[in-house]
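**Q** One structure coming up, written as structure tokens, with questions to follow.
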Amino acid sequence: MSTDPYTIVNFEDVDNPAPRFGMGDSMDTRFAREPLGLQNSGVSRFRIGASFRTPFGHKHAEQEEVYVVLSGSARVKLDDDIVELKQWDALRIAPGVMRCVESGPDGCEMILVGAPNPRDTEMVPGWWAD
């Protein structure tokens, strides 16, 4: 928790945990919640290689999320629905909705914002299987 009146963080300076989980060639994930000292929200950047599906689904009990596509395209599975996203689309996801992302043929770069910040993530490996 930061007591400073503001904090600047460059996403390139934030740790990328994807290689530690065997996804280094397909994903670059930067979770800036802690480096920014955020108390009530989170912000992350995902870069996903071409036609790659994240190997897990997840949901939050309380946290609401917004995914904003900066470049490329993606499909997102939301419970039983699949939605298509293109550049500059913003997707709000309510608490309790299981979700998983698959990038389009040119990959995808997204900013993810979530609030509040209860750290209530439930991960489900292999949730989106055809």
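The values are calculated or read from the model by the stated rules, or taken from the named source; none is laboratory data. Because the structure is predicted, anything quoted here is derived from the model rather than measured. Cβ atoms come from the backbone with ideal geometry, glycine included; neighbour counts cover every protein chain shown. With ligands, DNA and RNA removed, areas are computed over all heavy atoms of the protein, side chains included. Shrake-Rupley method; radii C 1.70, N 1.55, O 1.52, S 1.80 Å.
**Q** Pairs needed: first member in region 101-130, among the aromatic types (Phe, Trp, Tyr); second member anywhere, in a strand (DSSP E or B); C-beta distance under 6 Å; at least 6 residues apart or different chains.
**A** Close Cβ pairs (under 6 Å, with a partner that is in a strand (DSSP E or B)) amount to TRP127/GLY57; TRP127/CYS100; TRP128/GLY57; TRP128/LYS77; TRP128/CYS100.
**Q** Give, as residue ranges, the strands (runs of 3 or more DSSP E) completely inside region 52-130 that count at least 1 residues that are β-branched (Val, Ile, Thr), open to solvent by 40 Å² or more (accessible area, probe 1.4 Å) and touching a strand residue (DSSP E or B) at 6+ places or on another chain (Cβ under 7 Å).
**A** The strands (runs of 3 or more DSSP E) meeting that bar are 64-78, 81-85, 99-115, 121-125.
**Q** When region 35-51 is examined, which residues are found to be under 20 Å from SER73 (Cβ atoms), touching a Ser or Thr at 6+ places or on another chain (Cβ under 7 Å) and open to solvent by 20 Å² or more (accessible area, probe 1.4 Å)?
**A** Answer for region 35-51, where residues must be under 20 Å from SER73 (Cβ atoms), touching a Ser or Thr at 6+ places or on another chain (Cβ under 7 Å) and open to solvent by 20 Å² or more (accessible area, probe 1.4 Å): PHE46, GLY49, ALA50, SER51.
**Q** If you don't mind, there's one more thing I want to ask. Considering only residues that are of a type in the set (Phe, Trp, Tyr) and under 14 Å from PHE46 (Cβ atoms), look in region 1-34 and name the one that is surrounded by the fewest Cβ atoms within 10 Å (Cβ to Cβ).
**A** Once the filter is applied, the top-ranked residue is PHE21.
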